Amino acid sequence: MKKLCDLCSESKLGLGEKTPYGAVIVYKKNGWFATLSPKTGGNPEKDFTVQLMPVNHLNHISEISKSLNLAKSYGIAFSKISKAVTEIMSLESRGYENDEGVIRVGTYGKSKHPEEHFHIKIFPWAGKIGQPYTVDSTFEHSVRYADKDGKSFIKMEPVEKIIIKPERMHYLSSKLISLLK
Ligand SMILES: [Zn+2]
């Protein structure tokens with residue numbers, strides 16, 4: 001018997017339902033579910049994060065390949081959410097925010113303590129939450145500064161998580177649910 005955790009209880013909620021901390025269920029299919037987070041870094045009028053998680057306890061992304069069906073449904077969920085985020089960004093003309101004029105979707109994932117479901121975050125890669133990360137070659141080309149002790153560093157804009165207004169949460173969650181059908 002697996003021990004039920006908070007995410008296990010979230011996975012039992014239906015589409016459009018809210019978790020105790022205000023995230024909304026926007027996707028639920030074939031062993032996977034996704035929530036729209038109630039807070040976002042960057043601009044709360046434009047930015048948002050969708051979190052994709054397995055319904056069952058999977059500590060690490062490497063475990064997905066044990067089941068062909070789970071791997072397949074993960075790929076489909078990941079692709080569909082990325083597409084939905086792109087469509088919302090396109091409606092909000094967010095491709096105009098970078099020099100290349102392209103819509104970029106960011107992903108970030110990590111595994112947490114053994115009892116948990118690992119999470120993949122999918123979000124508009126723009127503004128403050130679209131700053132170059134260590135794995136990007138643009139990071140390497142960032143201007144280097146030096147500390148008093150001579151240690152070099154790269155400047156980043158601070159990112160603070162801000163609550164998304166109810167109307168915006170309602171718009172985003174309904175849009176995501178309809179795009180992810
Ligand atoms: Zn759980």
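Could you list all residues from segment 29-50 that are of a type in the set (Lys, Arg) and either within 13 Å of the ligand (Cβ to nearest atom) or in a strand (DSSP E or B) (or both)?
The answer is 29, 39.
May I ask you to say which residue of 82, 65, 9 is closer than 26 Å to residue 127 by Cβ and among the small types (Gly, Ala, Ser)? Step through it out loud before you land on a result.
Values: 65 fails: closer than 26 Å to residue 127 by Cβ; 9 fails: closer than 26 Å to residue 127 by Cβ.
Result of the check over 82, 65, 9: 82.
Filter segment 131-153 for residues that are surrounded by 13 or more Cβ atoms within 10 Å (Cβ to Cβ) and either under 20 Å from the mean Cα position of the chain (by Cα) or closer than 25 Å to residue 61 by Cα (or both) and give the result.
Scanning segment 131-153 gives 131, 132.
In segment 71-120, how many are of a type in the set (D, E, K, R) and either modelled with pLDDT of 95 or more or in a helix (DSSP H, G or I) (or both)? Reasoning before the result, please.
If we filter segment 71-120 for residues that are of a type in the set (D, E, K, R), which is where we start, we get 72, 80, 83, 87, 92, 94, 97, 99-100, 104, 110, 112, 115-116.
This time we only want the ones that are either modelled with pLDDT of 95 or more or in a helix (DSSP H, G or I) (or both), so: 72, 80, 83, 87, 94, 97.
Matching residues across segment 71-120 total 6.
With open to solvent by 80 Å² or more (accessible area, probe 1.4 Å), of a type in the set (D, E, K, R) and more than 16 Å from the chain's Cα centre (by Cα) as the only criterion, which of 66, 128, 110, 83 stands out?
Details: 128 fails: more than 16 Å from the chain's Cα centre (by Cα); 110 fails: more than 16 Å from the chain's Cα centre (by Cα); 83 fails: more than 16 Å from the chain's Cα centre (by Cα).
Step by step, each of 66, 128, 110, 83 is checked, and only 66 is open to solvent by 80 Å² or more (accessible area, probe 1.4 Å), of a type in the set (D, E, K, R) and more than 16 Å from the chain's Cα centre (by Cα).
For residue 56, indicate whether it is surrounded by fewer than 17 Cβ atoms within 10 Å (Cβ to Cβ), in a loop (DSSP other than H, G, I, E, B), within 15 Å of the ligand (Cβ to nearest atom) and in contact (Cβ under 8 Å) with a residue 60 or more places away in the chain.
Details: surrounded by fewer than 17 Cβ atoms within 10 Å (Cβ to Cβ): yes; in a loop (DSSP other than H, G, I, E, B): yes; within 15 Å of the ligand (Cβ to nearest atom): yes; in contact (Cβ under 8 Å) with a residue 60 or more places away in the chain: yes.
Answer is yes for this residue.
If I ask for residues that are open to solvent by 80 Å² or more (accessible area, probe 1.4 Å) and away from the ligand (no atom under 16 Å from the Cβ), which ones from segment 1-28 would you list?
15, 17, 18 - these are the residues of segment 1-28 that are open to solvent by 80 Å² or more (accessible area, probe 1.4 Å) and away from the ligand (no atom under 16 Å from the Cβ).
The values are calculated or read from the model by the stated rules, or taken from the named source; none is laboratory data. The shown structure was predicted, so the numbers you read here are calculated from the model rather than taken from an experiment. For neighbour counting, all protein chains shown are included, and Cβ atoms are generated from backbone atoms with ideal geometry for every residue, glycine included. Side chains are part of the model used for accessible areas, which takes the heavy atoms of the whole protein and leaves out ligands, DNA and RNA. Shrake-Rupley method; radii C 1.70, N 1.55, O 1.52, S 1.80 Å.
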